[in-house]
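The values are calculated or read from the model by the stated rules, or taken from the named source; none is laboratory data. Predicted, not measured: the structure shown is a model, and the values here were computed from it. Don't worry about glycine lacking a Cβ; one is built from the backbone with ideal geometry, like all the others, and counts go over all protein chains shown. We work out accessible area using only protein heavy atoms, side chains counted, and drop any ligands, DNA or RNA first. Shrake-Rupley method; radii C 1.70, N 1.55, O 1.52, S 1.80 Å.
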Amino acid sequence: MLYSKVRYIQLPKVLRRLNQQLHFRTIQKQSSPVTTVVIRHTHAGNVGEEKVAAGGTFQIMGETYRADSWTNVTPKIISNIGKNLHNQQHHPLCLIKQRIINYFYANFTNRSENPIFAVFDNINPVVTTHQNFDSLLIPEDHPSRAKSDTYYVTKDQLLRSQTSAHQEELIIMGFDSFLAVGDVYRRDTIDATHYPVFHQMEGVRLFSESEVFKGVNDPTGLTLFEDTNQIKRTSDKQESHTLDAVKLLEYDLKNTLSSLAHHLFGEDIQYRWVDCYFPFTHPSWELEILYKDEWLEVLGCGIMEQKILLNAGAKNKIGWAFGLGLERLAMKLYQIPDIRLFWSNDSGFLNQFKVEDPETPIAYKPVSIYPQCTSDLSFWIPKDYTENDFYDLVRSVGGDIVEQVTLVDTFLHPKHQKTSHCYRIIYRHMEKTLTQKEVNDVHRQITQAAIDQLKIEPR
Ligand code: DAH
């Protein structure tokens, strides 16, 4: 059994302060840790119904925050923090995390046969804007920084929108090879594959000059960096890197990740590399695999921007990084049809993943399918309205019985110059049939909350 041995490592103080656990060689067996989130309102209001008011205080993971004009986390979103589905034994997200870690532990070891990748899966999701954006060279005007896309705790702190947020701090701590797994938060549309909280894994591996050229017969004259700053960036490489070094790293990265894809999806799958862009890597690629006749995007990766390493105090190394979404992989691998199921406490769902060995193949069988109910809502939108404000409100008030919200019609009144939106809301409970009355009640509450909080005018 792969997970029977548990070894605890004494953590340096700085790590403990970050509330992390370092896994080494084997994964710690975990019971389901549940952290209670205390939300203190300075005004009346039930959990899940509205934003935290400016000036009011609220708590996340035992830490108190004071809301300011950037705060847009809702009590409903906060209530997910600390659930750490990826650490709950037998949860599908935990199984897939373990399978990926198994692959890295088994295939990347040092002289003493100890795994070289350190695993962090309990880092607090509240990070600074520096961690989530600046440290990753994400431009000031990048749309992902907008309040409409990201959950801000305060002006300078937010719920991480990507696990890449931890690259810099872990490199500063001296880690050269690591995997960081955690919950990430994004304001987004509502459908079967999007949920405002999901889980990512970040991988980073840094190399020294001798490590990069280790396999070369005669490495004389080969270096990681150009000795002049006259060289321009090309589609193949950054300005400071030598083409020799980058090509070797690209080979290592693609090899590592295509083998991971085979480990997860089987030896028979076809895969392809697609060029793409990320602010924190260059060149960058996406890995797609042909699975059940469909090209599926599995992960993003690339050669890390040298400036990130420079800022993190690792200027003599070069590195690669990748990031992948655990839900996306688990939905395909286990045939899970709806992302809300990951949050289900229903034993009909969870019991299907109770396997001792995470490598056991599992195909999820829907317990039963309950009917959908559809209701439309049309209103005139106010001036500073963003669609994600409405989606958040629907999530907060409707909860998980809302399966999908789509903007089905937009209309600009020629005389009043007012815009109206019509949203179609699909309701479906995961575990029972909803009555028309239940749907009507929730639909009415959503309408009322939109009038009160977003100042919409129903048509
Ligand atoms: N952070 C990216 C995202 O959330 C994923 C990613 C892509 C991570 C490329 C990486 C990378 O480390 O190299 O979309």
- Query: Quick one: would you say residue 233 is outside any loop (DSSP other than H, G, I, E, B) and more than 15 Å from the ligand (Cβ to nearest atom)?
  - Reply: no
Just one listed residue, out of 99, 160, is within 15 Å of the ligand (Cβ to nearest atom), of a type in the set (Lys, Arg) and under 30 Å from residue 264 (Cα atoms), and it is 160
Cβ pairs under 6 Å, 6+ apart or interchain, first in region 95-111 and touching a residue at least 60 places away in the same chain (Cβ under 8 Å), second in a helix (DSSP H, G or I) and open to solvent by 20 Å² or more (accessible area, probe 1.4 Å), ordered by first then second residue, are 103/263
Within region 399-431, restricting to residues that are aromatic (Phe, Trp, Tyr) and closer than 20 Å to residue 194 by Cα, the one that is modelled with the lowest pLDDT is 427
Flag for residue 309 being within 24 Å of residue 132 (Cα to Cα) and assigned to a helix (DSSP H, G or I) = yes
In region 178-195, residues that are open to solvent by less than 10 Å² (accessible area, probe 1.4 Å) and either more than 14 Å from the ligand (Cβ to nearest atom) or of a type in the set (Ser, Thr, Tyr) (or both) total 2
Checklist entry - Taking the stated definitions as given, is residue 165 in contact with a Leu (Cβ under 7 Å, 6 or more places away or on another chain), within 12 Å of the ligand (Cβ to nearest atom) and among the small types (Gly, Ala, Ser)? => result no
Residue 241 fails exactly one of (1) within 13 Å of the ligand (Cβ to nearest atom); (2) touching a residue at least 24 places away in the same chain (Cβ under 8 Å); (3) over 24 Å from residue 99 (Cα atoms), namely (1)
Of the residues in region 247-300 that are aromatic (Phe, Trp, Tyr) and part of a helix (DSSP H, G or I), the one that is nearest to residue 134 (Cα to Cα) is 251
A careful count of residues in region 271-321 that are open to solvent by less than 20 Å² (accessible area, probe 1.4 Å), at pLDDT 95 or above, closer than 20 Å to residue 199 by Cα and more than 10 Å from the ligand (Cβ to nearest atom) gives 1
Within region 72-107, the residues that are in contact with a Phe, Trp or Tyr (Cβ under 6 Å, 6 or more places away or on another chain) and part of a loop (DSSP other than H, G, I, E, B) are 72, 73, 90
Restricted to region 322-337 and to residues being away from the ligand (no atom under 16 Å from the Cβ) and open to solvent by less than 10 Å² (accessible area, probe 1.4 Å), the residue nearest to the chain's Cα centre (by Cα) is 330
Conditions (1) within 14 Å of the ligand (Cβ to nearest atom); (2) at pLDDT 95 or above; (3) touching a strand residue (DSSP E or B) at 6+ places or on another chain (Cβ under 8 Å); (4) open to solvent by 10 Å² or more (accessible area, probe 1.4 Å) -> residue 212 fails only (1)
